[in-house]
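Have a look at the structure below, then the notes.
Taken together, the values in this text are just the output of simple stated rules run on the coordinates, not laboratory data. Just so you know, these numbers come straight off a predicted model, no measurement behind them. Virtual Cβ from ideal backbone geometry, glycine too; neighbours counted across all protein chains shown.
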Amino acid sequence: MNAPLKLVISGPVGAGKTTFVQTLSETEVVSTEADATEDIGKATTTVAFDFGTLNIDGQELHLYGTPGQDRFDFMWDVLCEGALGLVLLVAGNKPQDFLHARHILEFITSRNPVPFVVGVTRQDLPDVWAPQDVAAYFDLPVGQVLGLQATEAVSARNVLIRLLESQLAKETV
């Protein structure tokens with residue numbers, strides 16, 4: 001049996017990281033949600049990580065959701081060590097968080113150069129940024145940014161598939 005692969009899901013507070021891990025995990029998710037001690041727009045927040053597992057064709061994937069607040073940025077390094085890839089989530093209806101998302105992406109990839117995709121959540125809501133507009137904001141190829149609904153397994157899996165396909169393409173070059 002192959003060793004489990006590690007995938008990290010990161011992004012600003014409220015981007016859908018915990019929901020994404022819960023949607024994909026085939027096991028009960030280990031969550032470190034705690035009451036928010038400051039106004040972050042919601043009652044609870046992840047303070048260490050969320051952990052779930054997914055099996056794809058006999059390959060076990062470990063899914064690690066990071067905290068979104070900068071004060072927990074030390075966990076970004078810890079969780080990204082040895083990771084196969086990164087899914088950066090941004091809430092498509094919260095463009096005010098895009099700058100923070102860019103900071104998270106640059107922090108992680110400058111210290112842990114891993115392949116990544118950007119998932120634009122909340123695509124089911126009105127007035128949400130389209131993936132191609134987010135790609136332009138982040139100065140990324142359009143194919144590296146995908147729209148999704150973190151509560152829908154097919155949508156979340158498509159993001160993982162894109163990340164894994166990009167990793168396989170790099171390995172075959």
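Excluding residue 27 itself, calculate the net charge of residues whose Cβ lies under 13 Å from the Cβ of residue 27, where each Lys or Arg counts +1 and each Asp or Glu counts -1.
Values: positive: none; negative: 26, 28, 50, 60.
Value of the local net charge: -4.
Between residue 154 and residue 133, the C-beta separation translates, for a Förster distance of 22 Å, into a calculated FRET efficiency of about 0.45. In this label model, residue 2 and residue 99 are separated by 4.1 nm, measuring between points 7 Å along each Cα→Cβ vector.
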